[in-house]
1. Compute log10 of I(q)/I(0) for the stretch 37-83 with the Debye formula, placing one identical point scatterer on every Cα and leaving out solvent, at q = 0.25 Å⁻¹, to two decimals.
2. Relative contact order (percent) for the chain, with alpha-carbon contacts under 8 angstrom and 6 or more residues of separation?
3. Rule-of-thumb check for the stretch 79-157: C-alpha Rg over 2.2 N^0.38 Å?
4. Hey, could you grab the Kirkwood Rh for the chain? Inverse mean 1/r over distinct alpha carbon pairs, Å, one decimal.
5. Quick one: longest stretch of the chain between exposed loop trypsin sites (Lys or Arg not before Pro), exposed meaning at most 15 other C-beta atoms within 10 Å and loop per DSSP?
6. Quick check: convex hull over the Cα atoms of the stretch 172-232, volume per residue in Å³, rounded to an integer?
7. Roughly how many Å is it from the Cα centre of the stretch 141-214 to that of the stretch 85-113, as a whole number?
8. If you line up the Cα atoms of the stretch 114-166 on their principal axes, what length do they span on each, largest first, in Å?
Amino acid sequence: RKPARHYDAVLMCIAILSAFLNSFYIWKNTYANAYYTAAVTSMLQSWHNFFYASLDPGGFITVDKPPVAFWIQSAFAYVFGVHGWSVILPQALAGVGSVLLLYYLVKPKFGKTAARLASLVMACSPIAVAVSRTNNIDSMLVFTLLLAAWLLFWGVRKQKTSCIIGAFAMIGLGFNMKMLQAYMVVPAFYLFYLLAGKSAWKKKLAVLAGATAVLLLVSLSWAIVVDSIPEE
């Protein structure tokens, strides 16, 4: 008979604290970053504007970053309407998700106490809270890269190639949020897999080659599609 799973009540309290800090009073923020809120407003006007992350309703000027994070903001704005809080909410939730991911990254090797402390520190870090209370996309990128790290750790621990490739795919997704900032973790990912992976060196190199191909494919997918669409 399998023992019942016990949820970490302390972690849940930390997550609630993070949600409170990230979301408190955001409903008073009328437009958040007006530049990005204008882009979301424009993206809701048509599928053309949505796909290209158009800044203006006419679909002539794109916003200054790739579109994935703004697609998520647009989805929230579509459901809740365009408000300061509705475009901030995805980042606030991403901040909470990052706190939870950090717990599950630390716990397997360093134990529950260290994982709780790491999550609490992140939940209360002023810069983490501040960036999660705006519609700037940094907290979304951090969440994406932490998810990539979790997939990498899990893949190495369980010797699952699919998870390792998935980790690099998540970095590619991060590239479509804030471009080369997402690649800052790539050298560490390579080094960690080479040192911690339990496979033969030949297989390690083959897996990394495949993961790199997936990374580039996901990273360049939106740009390639855009470039292949003929001008009207």
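The values are calculated or read from the model by the stated rules, or taken from the named source; none is laboratory data. This structure is a prediction, so every number in the text was calculated from the model and none was measured. So basically every Cβ, Gly included, is an ideal-geometry build from the backbone, and we count neighbours across all protein chains shown. Protein only, heavy atoms only, side chains kept; ligands, DNA and RNA dropped before computing areas. Shrake-Rupley method; radii C 1.70, N 1.55, O 1.52, S 1.80 Å.
1. The Debye formula, applied to the Cα set alone, gives -0.77.
2. Across the chain, relative contact order equals 18 percent.
3. Numbers: Rg = 13.8 Å, N = 79, 2.2 N^0.38 = 11.6 Å.
That works out to 1.19 for the stretch 79-157.
4. 19.1
5. That gives 6-159 as the longest site-free run.
6. Values: hull volume 4.5 nm³, N = 61.
Each residue corresponds to 74 Å³ of Cα convex hull volume.
7. 19
8. Result, largest extent first: 37, 27, 8 Å.
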